[in-house]
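Undergrad: The structure under discussion is supplied below as structure tokens; questions concerning it will follow.
The values are calculated or read from the model by the stated rules, or taken from the named source; none is laboratory data. Computed from a predicted structure; not experimentally measured. Here the Cβ is made from the backbone with ideal geometry for all residues, glycine too, and neighbour counts use every protein chain on show. What goes into the accessible areas is simple: the full protein's heavy atoms, side chains included, and nothing from ligands, DNA or RNA. Shrake-Rupley method; radii C 1.70, N 1.55, O 1.52, S 1.80 Å.
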Amino acid sequence: MKQVSRVFWITISIVALATIYAIISPSGFESATSNIQAFITSTFGWYYLILVSVMVIFCIVLAITPIGQIRLGKPEERPEYSTGSWFAMLFSAGMGIGLVFWGASEPMLHFADSPPMAEPGTDEALKESMQYTFFHWGLHAWAIYAVVALALAYFKFRKGEPGLISATLVPLFGEKMRGGWGTMVDVLAVFATVVGVATTLGFGAIQINGGLSYLFGIDISFGWQLGIIAVVTVLFMISAWSGISKGIRYLSNTNMILAVVLLLVMLILGPTLLILNLFTNTLGSYAQNLLEMSFRMAPLDADNRSWIDAWTIFYWAWWISWSPFVGIFIARVSRGRTIREFMAGVLLLPSLVSFFWFAVFGSSSINVQQAGNIDLTGLLTEEVLFAVFNEYQFGAILSVIGILLIGTFFITSADSATFVLGMQTTYGSLTPSNYVKLTWGLAQSTVAVILLSANGLQALQNALIIAAFPFSFVMLLMMISTYKSLNQERKDLGLMLTAKKKPKQVNTKTAAKNEK
């Protein structure tokens, strides 16, 4: 068994204390998290918007400058995994359940129930619904992951540092990061990961319950969700035991196959022309309005500000809370790639795939809502996808595929998280012991169960925003530290930001005439 670090014992103690509090006083736990969440979103919303926008700029600058030529590994190293498997693993870990959970419901809600600015049900609301969904799941989300993943991969595989968040801050703070300060940083990262992944496991359990309810008429209840989490916990622990090269890679490839099948079938059965037209139009409006959306705070409009807090700030906090987990995992599977190749694979391609996913499922749900046969806004979020399937041909088959996809994404996310948590609590080991991984697997599932019992989705969202806030400051420092180290290496390697100017050739005859 790999020796566990102080980070393991400190974080597991914090998780245990929070869990005990939630068990003893669920109403008090829900009330406390709600108050803290409200304070963070109302007071620091501006900070989240600026920070995440800076991350996007940071990633683009690294990709287009000569720094992009630097390899995440030794100069002679090449990628460990094929491009297909690499993308499948990073995408499954990075979005997974979230895309299935929100794919049909978010655009529909922005259109019919709570548009950002327009009147519900109007053509303008339809345009806004897709544009802001793209915004929430596009470049900003993946830039958050890319910042953490790049820093970890660079310092681990090129500089030989331990695979710890604290190790990425050594260029700024020196040996302080090897002691108590470093432990504090790693505890923040691990705690944010536990809460972030537990939140997503809760979403997954809720939606599987919703799908089973639609297919077989079972109740949507905490009891069923507890049973679902228990079954999936056993499955992802079996996968975690088999290791990253087998369990996670095979499951990730299975995820992509199921996702592509579901996407293509829905593209054909759904309003195909509307899907393609909306995708193309929204891609343009997203690019055109990206700057405005990135800094939109609506300071003089309470309703619009409330919408930003509930959606945009929530999403930025969600991605930040997931960034230690997803970032470490992406770093682990990205060894040997150049920074430019890394940014193209982590920033651009997943964003485009997410855009098309929402265009397909969002357009299909909006089409169902407009038809008037069923009011999707009256359903629980976890039921919307299956209600949409029910309005198209082969609805039952699509629902079964959807449940299977949620299940495999569920297992992959939890499996990947156990590896990351194990790595972070065994001094950065790339092969944490199975016992450590299984301990974290049980901890994640327990937190998910407690959060669900406290108050379902709201408790999940509150805990997520709270956990993300302190880690956001660590991410800011990571960007500064990474750029400092990369820029110094750029100079050492002679990678110039501008081409060297050739010295001008002096015309001797002209010079002689000028002298006269």
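Undergrad: Pro162: part of a helix (DSSP H, G or I) and either open to solvent by 10 Å² or more (accessible area, probe 1.4 Å) or modelled with pLDDT under 90 (or both), yes or no?
TA: On the way: part of a helix (DSSP H, G or I): no; either open to solvent by 10 Å² or more (accessible area, probe 1.4 Å) or modelled with pLDDT under 90 (or both): yes.
Against the criterion (part of a helix (DSSP H, G or I) and either open to solvent by 10 Å² or more (accessible area, probe 1.4 Å) or modelled with pLDDT under 90 (or both)), Pro162 does not qualify.
Undergrad: For region 389-423, name all the residues that are among the polar types (S, T, N, Q), assigned to a helix (DSSP H, G or I), open to solvent by 10 Å² or more (accessible area, probe 1.4 Å) and at pLDDT 80 or above.
TA: First, the residues of region 389-423 that are among the polar types (S, T, N, Q): 390, 393, 399, 408, 412-413, 416, 418.
Filter once more, so that each one left must be assigned to a helix (DSSP H, G or I): 390, 399, 408, 412-413, 416, 418.
Now restrict to residues that are open to solvent by 10 Å² or more (accessible area, probe 1.4 Å): 390, 408.
Asn390, the sole residue that qualifies.
Undergrad: Restricting attention to region 119-154, and to residues there that are in contact with a Ser or Thr (Cβ under 6 Å, 6 or more places away or on another chain) and open to solvent by 10 Å² or more (accessible area, probe 1.4 Å), which single residue is farthest from Ser472 (Cα to Cα)?
TA: Gln131
Undergrad: If you check Ala112, Ala104, which single one turns out to be open to solvent by 10 Å² or more (accessible area, probe 1.4 Å), at pLDDT 80 or above, within 30 Å of Asp123 (Cα to Cα) and touching a Ser or Thr at 6+ places or on another chain (Cβ under 7 Å)?
TA: Details: Ala104 fails: open to solvent by 10 Å² or more (accessible area, probe 1.4 Å).
Every option except Ala112 fails the conditions.
Undergrad: Here is a check on your reading of the model: is Phe386 under 27 Å from Ser221 (Cβ atoms) and assigned to a helix (DSSP H, G or I)? First the steps, then the outcome.
TA: Values: under 27 Å from Ser221 (Cβ atoms): yes; assigned to a helix (DSSP H, G or I): yes.
So Phe386 passes the test.
Undergrad: Now a separate question. Outside any helix (DSSP H, G or I), among the β-branched types (Val, Ile, Thr) and modelled with pLDDT under 80: does that describe Thr431?
TA: Details: outside any helix (DSSP H, G or I): yes; among the β-branched types (Val, Ile, Thr): yes; modelled with pLDDT under 80: yes.
So Thr431 passes the test.
Undergrad: Being modelled with pLDDT of 75 or more and of a type in the set (Gly, Ala, Ser) is the filter here, so list the residues in region 90-101 that pass it. Break it down stepwise before answering.
TA: Restricting attention to region 90-101, the residues satisfying the condition of being modelled with pLDDT of 75 or more are 98-101.
Residue satisfying the conditions is Gly98 alone.
Undergrad: Further, regarding this structure: Mind checking whether some residue in region 281-297 is open to solvent by 20 Å² or more (accessible area, probe 1.4 Å), touching a Ser or Thr at 6+ places or on another chain (Cβ under 7 Å) and modelled with pLDDT of 85 or more?
TA: Scanning region 281-297, I find at least one residue that is open to solvent by 20 Å² or more (accessible area, probe 1.4 Å), touching a Ser or Thr at 6+ places or on another chain (Cβ under 7 Å) and modelled with pLDDT of 85 or more, so the answer is yes.
Undergrad: Right, next: Under 8 Å by Cβ, and 6 or more places apart or on different chains, what pairs join a residue from region 20-34 that is closer than 17 Å to Leu464 by Cβ with one that is β-branched (Val, Ile, Thr)?
TA: Short answer, once both residue conditions are applied: Ala22/Ile450; Thr33/Ile466.
Undergrad: Quick one: which helices (runs of 4 or more DSSP H) sit completely within region 290-361 and have at least 3 residues that are free of Cβ contacts under 8 Å to residues at least 40 places away in the same chain?
TA: Details: elements: 302-308, 314-333, 339-343.
Per the criteria, 302-308.
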